[in-house]
Each structure stands twice: as C-alpha cells, then as structure tokens.
Number of protein chains: 4
Amino acid sequence: MGEAMAENLLKAGHRLTVYNRTVSKAASLKKLGASVATTPAEAVAGAAFVFTMVTDDAALEELCLGPDGLLPALPAGAIHASCSTVAPDTNRRLAEAHSRHGSTLVATPVFGKPDVAAAAKLWLAASGEDSARRKLRPLLNALGQGVYDFGDDPGAASTVKLCGNFMLGAAIEAMAEAFTLAQKSGLDRQQVYEFFTSTLFNTPIYKGYGKLVAERHYQPVGAAPAIIRKDMRLVLDESRTHLVPMPFANILHDHLSTTVAKGEKVDWAGFAERITDGAGL
Amino acid sequence: MGEAMAENLLKAGHRLTVYNRTVSKAASLKKLGASVATTPAEAVAGAAFVFTMVTDDAALEELCLGPDGLLPALPAGAIHASCSTVAPDTNRRLAEAHSRHGSTLVATPVFGKPDVAAAAKLWLAASGEDSARRKLRPLLNALGQGVYDFGDDPGAASTVKLCGNFMLGAAIEAMAEAFTLAQKSGLDRQQVYEFFTSTLFNTPIYKGYGKLVAERHYQPVGAAPAIIRKDMRLVLDESRTHLVPMPFANILHDHLSTTVAKGEKVDWAGFAERITDGAGL
Amino acid sequence: MGEAMAENLLKAGHRLTVYNRTVSKAASLKKLGASVATTPAEAVAGAAFVFTMVTDDAALEELCLGPDGLLPALPAGAIHASCSTVAPDTNRRLAEAHSRHGSTLVATPVFGKPDVAAAAKLWLAASGEDSARRKLRPLLNALGQGVYDFGDDPGAASTVKLCGNFMLGAAIEAMAEAFTLAQKSGLDRQQVYEFFTSTLFNTPIYKGYGKLVAERHYQPVGAAPAIIRKDMRLVLDESRTHLVPMPFANILHDHLSTTVAKGEKVDWAGFAERITDGAGL
Amino acid sequence: MGEAMAENLLKAGHRLTVYNRTVSKAASLKKLGASVATTPAEAVAGAAFVFTMVTDDAALEELCLGPDGLLPALPAGAIHASCSTVAPDTNRRLAEAHSRHGSTLVATPVFGKPDVAAAAKLWLAASGEDSARRKLRPLLNALGQGVYDFGDDPGAASTVKLCGNFMLGAAIEAMAEAFTLAQKSGLDRQQVYEFFTSTLFNTPIYKGYGKLVAERHYQPVGAAPAIIRKDMRLVLDESRTHLVPMPFANILHDHLSTTVAKGEKVDWAGFAERITDGAGL
C-alpha cells in the first residue's frame, strides 16, 4: 500500500526518502529515484513532509517515538501525514507530541485497496490543524481522486476511516447472509450476486467483495483477517467510549475473531464463511 | 405502486381493466383509458394477463381464491404476474392452484419505490414456468429498466426479492451505526453521509436512504415499518426453514418490531432511530 | 418421557390404556398393567381423561384430528391433558375443537428430563377451562412435585413452557461463553464450572447442563437439537407475533440451527460448541 | 461494600486501619475500633495485610501507585488482597510491582451484594502466589462462606469474577425477555416470575434480580449501570484478547450502555427495560 502511494508521490515530481523495516521492500522505489533510509529518523532529516503507513497503533507509536523514531528528527514546521488506520486517540496523542515538538500531524487515512492506490484512485479523508491541512493538500491530491476535509480534530478522520471499514464489513456480511439463503433455497449463488450488483448495489465495493462471497474463494489476500479484526476492535472501542450500541459491529468483530482463531489464510472478506459454514454448507 | 405500473402498461398500448378495493383509487387510471372492475373476477374476464400488487400474503390469497377471486374467472392459458412481496411458498402454492386451473403464475417482484415505478425504472426478477415467462417478458419490459430470470421455481424470484429488502435494511442499519458513532465522536452527521455516498457508497440506495438517516427525518413514508417488518419476518421464516443463521436479519427484524410496537409514523428506514435513541441522542 | 409419566399414573392406582405409534414401546407398560390400544381412537374409548405427549404440533394435530384420531372418539365431558411443547395457538385451536365436541383441553406442559419424570419430580404448568383444570389436578399431582395454574387461556401454559426452554438455553449459552473465556484465559474449565455451580448458580439446571458444557461431552442425548430448535422457533414466532425483541432467543435459535445443519449427534446443549468452536478450540 | 467487609475483619478480632477518600465514611468503623488513616500510605504503615475495594482499575492503580500510594509504604513481606473487579492484567501488573517491592498481591474478588457482605456470606475467589494465598486464607474466611483457589496467576480470579458478573447479567436478560414475552401474551409477569423462581431457577440470584425485573422497579440501586457496564467492557476486552465470540456479552454491554447514555437512575438490572421498552410497554 505504502509503496503504491510512494510511487505516485515520485511521479508527481516530489523528492522522496523511504524507510521500511524490511529494507528489500524499498528496492523498487529506489529504482524509481527514491533515497532509502535505514532508520525513521534518517528518513525525515530535512523533510518538509512525512507520510506514514503502518499496520497498527503500536507500530505507528514506535515509528514516531521509539528508538531512532521520526519525531525527534523532524524539522520544525514539518507536517506528518498519518495514513494508517489507527484509533482516533492515537492520532490525537501523537498530534500533541508533534505540537510540543513544533511540527504538525494531520490524519490522512486512505480508502481503497493496493491496486486502487497504484492507480492514484484512493479516496482520502483529512483532519488536523487547518494551515497544515492546506499545505498538505497538493500532495494528497497526487494520491487519489478526492480528498475530504473533516476539520481540526486530528482524530476525526480516523473515526471516518473506522466507520468506512465497518460499512464495508456490513456489506460483506449482508451479502453472505443473502447469498447463503438464496443458495439453500435452490438458487444459484453467482446469479444472485450478478443480479444485485447489476441493479441496486451496482458499485465497485459490492462487485469486488461480493465476487469473493459469491465464489466462496477469498484469494488473493488483500488484507488479512487479523488486520481488519483489529480495525473492528477499534470501532467497538470507540462505540464503548461514546456509548453507541453497534450490534452489526459486534457481529463483524466476532466473525473476524473466529476467522483469526481458526487460522484461516484468506482475505478478510473470508469471514463470510461463518455464515455459509453455520448453514452447514 | 400498482398505479404507476398500470400507467406504464397503458402507455405501452395495452388494454387494461383495473380493480382496487378502494374504487376511488382507480379514478386516475380510468381517465387514462383503463376500464374499472368492481371485483377481481370481473377484472380478469377475458384477460390474457393479470398483474397483482398487494400488501401481503393474505391479501394475495384472498384476491386469487376468496369470494369473487380472480382465479376461477381467469381464462385458460392466462398468465398471472404476481408482483407482491410474499413468501416463496405462497407463490408456489398459488402456482399449483393455477396449474390445476389451466393458467400459470409467474412471480415477478419489483425493486424500486413508487417514483422509480412511475419512471419505468424498476428492476424486476421473474421466475415460473418457462414459456409463460417468455410470453410475459414484453409486458415486464414496459415496467422497468431490466428483467432478470431466475428459472422455473415460482418461489425463486420471491426469495430474491426478500434478499433484496434484507440487503437494503442492512445498508440502512450500517449507516445508522456509523453516522451515530461519528456524531457522538464530534463529527457532523451530514458531512459523513456526504463523504460516503460520494465515494465508496455512491449509489441511489445509499444516497436515498442515507439522507433520511443523516437528517433523522423519515418522511414521507414510502413504506410503513409494519410492511417491511413483515418482509423481514418472511426472510427469517425462510432462514429458519433452510437452517441459515442470519444475525443481521435478526437485528433488522427486532428494530422494525420495536418501531411498530412504539407506533412511530415514519418511513421504514426510521428503524435507524433504534441506534440513535439507544445512544441517548 | 410419556412412559415415565404413564408409570406414575399406574402407580397412583389409575386404570390406563396406552397408545404409541411404535407398539413395542408400550410393552413395559403392559407388564405394569396398562391396556394397549392400536389407534388413538381405541385408546380413548370410554376414557374420562387422556394425556398426550408427542414431538411437535403436527404430531399432536394428527393424533387428535387425523385418521383414527382421539377427538371424535372421546366421550363427552372428557378432559384432554395436552403435555407436549407446542405453539400456544395449537392448544388454543384444539381446545376450540374440543369445545365443539363437548370435551375440554387443558394445556399441561411439564418441566424436567425423563429421569425427573420417572421420579415423579416434574414441575407442571396448567391452563384451560377452570372446572376441567380442577378435575385434572389430582392426576397431575401424581406426576410431579408441583402444579402451577395459569388461568383459563389454554395457550397460556404453552407460553410458560416456551419461556422455560428459552431460559434453559440462555443459561447454557451463558456458561458456554464464560467457560470458554475462562479456558482461553488459562483457567481450568471444569474448576470454573464447579465454582459457579457451588455458589451463585447452585441449582440442578446449571449443574446438569453445565457439566456437559464443562466437559464438552454432550452425551447421552436427552433431547435432540432439532427438537429444541423447533421450540426456539416457536419462541421466536411468539416474539414476532407479540412484537417483543428477544436478542438472546435469536442467538440460541441460530446456534441450534447450525448444530442441526451440521448434523451433530449430540444433546441439544451441544449448541454450546458454537462458542468453543468459534474460539478456535 | 468495603465497610461491611471491614466490620467482619474487626469482628474476627483483627486490628484494622482504614482509609477512604471520603473521611466521613470511616466514622462508623472508627466507633467499632478501627484506626482511621488520612492517606493510603499511612493506612498500610506496619501492616501485614492490606485489603482494597475500589470502583475501577484507575482507582486501584492510583491507590497503589499514586501520590501517598500504598505500595511504597507497604512493609516487606506484606500481602495485598485486591478485592475490586478489575481487568486481570491490572492485577497482574500490580502483582509485578509488588514483587519488585518485596510484597505480594493476591487477587481476591468477592461475589455478593453489600447485605451479603454484612452477613459474612460472600463467596470469594483467590489467585496469586501460593504461600501468600495460604497466609491470607484465614482472613478471607472471616469475610464469607467459601473461598475458592484459582492458582498462581494473579489475573485468574479477576477473570472468574468477570465471568460471574457476565452470567448474572445473562440471567437478568433472559428473565427480561421471558417475562416480557409472557406479559405481552396475556400472562401475569409476576406470576411467571414466581413460577420459575420456585421451580427450575430456585436460587437467590434469580429470585433477587428477577423480582426487580418482574416488578419493573429497579430500586434501590445496588450497583449503578455505569459500574457494571465497565465490568462488561472488561469482559469484552478479555474476549477480544482471547478471540472468544461472546454474543450474549455484546448484548448485555449494549443494553447497559444505552441505560447509561439515557442517564437512568436505576440499579444495573434496570437494563432489562431495554426489552420491555423495545416491546412498546
């Protein structure tokens, strides 16, 4: 994901220094002209902007505040585009650390799979301090087809991202239940999928994930169940904090949790098998 | 709904006799050239095709088999397009009665609201005996923008219709949970709605129902909660018969049930208030 | 179940004619002095009271109203103790048929397993026409340790029975979730079971079903999953009719449904495996 | 709660120094012979044992490690009986801090309401380092009617406590659903309560909480909804960490969350109103 985004920044003419824990992953970007750093601190030396895309909250905190972390090395006035799916409070807390340091964090989660990122067709949400958000805008524009502002709270865009992943999961579960009912009623699962995604639910989301559900073939793995289970847990943590009952989110989390507990090597949409399996298919 | 469909049949040049329990409802169709019958039996005298669109299974059975019902009066070889949202078994049972009578029932449920029907933009699913389905096709084409065949089982298209209403309900619930979480996190409900329906969920379904959820204003009433609660009960009846766990459907049914129990005069999407109310808003 | 109850009626000094579809099942009762009939009609000839205990609503209706059914053969003034777990409306409808016939149905569902029945330790609920209920009382007293009256509605006691089976299921599910969490937290499943059933939940219900859940050994089969799934469906049918959200009942039904769909040959409490299996154990 | 327990320690002949943030709450214990300290540190000076009973994890950590906290002041070799309902990891973490300090923490959560504590009828679970657990045993015996050992892991007894509160909540929800269904079916809520708590569920737990549910009168407030909602959140946190699907726990949490969001001033069992309210009563 990060690689596709980095490529688009290079294509847009920006100078780029990259860092990845696994050095080999930076090789192709090096060929495209990126410098390669061996620590986060080295990567941000002299930078006006830094983009981060990591797996979870702990990885982001380590990257910023851990040994050779980027924050202490960041030039004053620099702007950090925090692209990972993390808890709103993680971005808020890091934004405060930035503020003390003299830099700024803007939460800039992205919506789309790696192939969407490669095509510079991501959707982005952005929130954080106003002037930093404006300065960052041209770079974000290079990454996707639309950037939406959600105000000054650096946690806000993270909340939007979590809501989005939740809504994707709900669409997948709805298809899993509907297609399985149709199948056990004697209908063709694939035909029902084609009907709905040609008519009422004619969108890339339903078409893309629905295909996996219709075929019951959850390969290749776009995002592992454990990653999105973590996202659903963040959704539920927010729902707990804000006292919002979210019965659908509970179900999604539990289905993903079982998929992880069973060690299934599938795309996260494979949690749809909880329904087909539960129906004895 | 039935009126809009009848208008499109007239526009397509068909001769039409209409029947409604409330005679006044047929007045505007009369102006457009329809004959008006005072009983179902009278309406189908001499007809090659008959369309029915009623509220529930009991109304459909009454219309076909009750006093002055249409079935005994139907000419041999006639075709009955059964458009209502009913249990698959209701259409199967009536199809058998037709078969004994020498006529044929084709299940032809429609997808879309009355304004969609008026614009002849419905989507239709059709299932039932093959040759009857083919003869019926030109008439169905006049009603919508696409007709999809689901084979010979006269219950099959009803199952597809139930799956569709379930998937709509799931989309509404997902938005209710997401928008409420966003709102209680300090975001603007309307802005979150606009973001998602401009990007990942850019479809008339999400835009239309999502607007009601975002504004928490569930007027005008397109379909009453009691009507769609009945549909969700049919979904659950099917899920029970076929041993398919449908946790989302359970939740939708219970939310609609509460909306009916409280006597709320709203569109069925108003069940979304179960979440906002449950969050103390 | 019926056999154990019949034995207690014989022990109490009553004359008894028995009928079972499988004639061999009546052999041991014959040894104890019962007459054996070859049809329901023959069994009730000349009887003042008749007890029925069958698997489901269809079996009960067949027994009463089917070929050689008991109702036409029942002497005027006789009382039918309807012991099966059926829909309240089934008992109500049969009570009306009795009324037309000149006899009376009293719903008398029983609580307890076969070994409890054998020990005459059942609990009974009774509802139906008042004087019939009073006349029936001495016979019911011979079957258990307590009879509770629920008034004139012949459906009322059935509702109570359904509530009871639901509450049993809820206790089993609660133990399944708690014991599984404890086990995955490093505790001994058995020890946690012993703690709770020695302290807060020190009752035969929790001890008996909890033992199965703790040991994950659901043998012997007291009642098959399909039987109790049917009961949970009746619970949900009632909840739908009366507009009562029952989220726990939804979960129990779905777990039992999966257990049936997978063809597991276990006691109904084996639905607890849905949780342990879902946790990857 | 703590007061009742302290009284029993005094009655058993122990010398006791007490501390409460609200000094006046210690007045009655002072009359009974307790010394009163003005800080946690002062309270534990010279002590061989210390008991803590506070509202949540943060309060416990503050009490131990905050300003004038007890841990730095605790004599070497002393034993800390940690009675509060907290996350297993909180007790584990504090146990490590004790270990570094030369003292020992034993998790000793208690089961029972304040009146049960006053009668020295609590049930206790204990886990932590073996020899400390044995030394603590005589004091625990003075507090209740039974102490159960759960091994060396200082988090284990906390898990058991969380499981217990979850099982209580499940019993309450089950009664709420059953009694509401019975009521809407025309039965008397109170009578159904009496039947079940005289027969299958004849235990103080079902009788005590069931009375509140039957009468729909959730006073006085034994424990506030916010307190037990916190407990259910801890249950869910554990279930997430250990990948255990807990659908009942999800429902309990959401019902308590709504009760808190609506600001209802009731005992925590008042979450049962989510069902009666949802049924339109």
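With respect to being farther than 28 Å from A:Leu162 by Cβ and more than 7 Å from chain A (Cβ to nearest Cβ), B:Asp115 fits the description.
Of all residues in the stretch D:128-153, how many are more than 12 Å from chain C (Cβ to nearest Cβ) and under 17 Å from C:Gln191 (Cα atoms)?
So in the stretch D:128-153, the residues more than 12 Å from chain C (Cβ to nearest Cβ) come out as D:128-143.
Filter once more, keeping what is under 17 Å from C:Gln191 (Cα atoms): D:128.
So the answer is 1.
Pairs linking a residue in the stretch C:230-254 that is at the interface with chain B (Cβ under 8 Å from one of its Cβ atoms) to a residue that is hydroxyl-bearing (Ser, Thr, Tyr) and outside any helix (DSSP H, G or I), with Cβ atoms under 9 Å and 6 or more positions apart or on different chains, are C:Val244/D:Ser185.
Among the listed residues B:Phe166, B:Phe111, identify the single one that is touching a helix residue (DSSP H, G or I) at 6+ places or on another chain (Cβ under 7 Å) and within 18 Å of A:Gly186 (Cβ to Cβ). Give the derivation first.
Values: B:Phe111 fails: within 18 Å of A:Gly186 (Cβ to Cβ).
Answer to the check: B:Phe166.
Screening A:Lys161 with (1) open to solvent by 30 Å² or more (accessible area, probe 1.4 Å); (2) of a type in the set (Lys, Arg); (3) under 24 Å from A:Ile251 (Cβ atoms) gives one miss only, at (1). Annotation note: Cβ proximity below 6 Å between a residue of the stretch B:152-180 that is closer than 16 Å to A:Leu200 by Cβ and a residue that is modelled with pLDDT of 95 or more and acidic (Asp, Glu) (sequence gap 6+ or interchain) occurs for B:Asn165/B:Asp231. The residue that is farthest from B:Leu181 (Cα to Cα), among those in the stretch A:264-278 that are within 14 Å of chain C (Cβ to nearest Cβ) and surrounded by 24 or more Cβ atoms within 10 Å (Cβ to Cβ), is A:Gly278.
Hey, could you check the stretch C:1-51 for residues that are among the basic types (Lys, Arg) and farther than 18 Å from C:Gly69 by Cα and say which is surrounded by the fewest Cβ atoms within 10 Å (Cβ to Cβ)? Lay out the reasoning, then the answer.
Of the stretch C:1-51, the ones among the basic types (Lys, Arg) are C:11, C:15, C:21, C:25, C:30-31.
Remaining after also requiring farther than 18 Å from C:Gly69 by Cα: C:11, C:15, C:25, C:30-31.
Values: C:Lys11: 12, C:Arg15: 12, C:Lys25: 14, C:Lys30: 12, C:Lys31: 8.
So the residue we want is C:Lys31.
Annotation note: of D:Thr180, D:Thr241, D:Thr259, D:Thr199, the sole residue that is in contact with a strand residue (DSSP E or B) (Cβ under 7 Å, 6 or more places away or on another chain), among the hydroxyl-bearing types (Ser, Thr, Tyr) and not assigned by TED's automatic domain parsing to the domain that holds D:Gly112 is D:Thr199.
In the stretch D:69-83, the condition of being under 18 Å from the mean Cα position of the chain (by Cα), within 28 Å of C:Asp188 (Cα to Cα), at pLDDT below 95 and not aromatic (Phe, Trp, Tyr) is met by no residue.
Could you please find all residues in the stretch C:54-78 being outside any helix (DSSP H, G or I) and surrounded by fewer than 23 Cβ atoms within 10 Å (Cβ to Cβ)? Walk me through how you get there before you give the answer.
Within the stretch C:54-78, the subset outside any helix (DSSP H, G or I) is C:54-56, C:66-69, C:74-78.
If the condition is that a residue be outside any helix (DSSP H, G or I) and surrounded by fewer than 23 Cβ atoms within 10 Å (Cβ to Cβ), then C:Val54, C:Thr55, C:Asp56, C:Gly66, C:Pro67, C:Asp68, C:Gly69, C:Pro75, C:Ala76, C:Gly77, C:Ala78 are the ones that fit.
Looking only at the stretch D:159-209, residues that are of a type in the set (D, E, K, R) and within 7 Å of chain C (Cβ to nearest Cβ) come to 3 in all.
Kindly indicate whether B:Thr22 is modelled with pLDDT under 95 and of a type outside the set (D, E, K, R). Considered against the rule, which asks whether it is modelled with pLDDT under 95 and of a type outside the set (D, E, K, R), B:Thr22 comes out as yes.
Taking the stretch D:166-263 and the helices (runs of 4 or more DSSP H) fully enclosed by it, the elements with 3 or more residues that are surrounded by fewer than 24 Cβ atoms within 10 Å (Cβ to Cβ) and charged (D, E, K, R) are at D:204-215, D:225-241.
The values are calculated or read from the model by the stated rules, or taken from the named source; none is laboratory data. Values in this document were obtained by computation on a predicted structure and should not be read as measured data. When we count neighbours, we look across all protein chains shown, and the Cβ atoms used for this are built from the backbone with ideal geometry, even at glycine. Just so you know, the surface numbers come from the protein's heavy atoms only, side chains and all, with ligands and any DNA or RNA stripped out. Shrake-Rupley method; radii C 1.70, N 1.55, O 1.52, S 1.80 Å.
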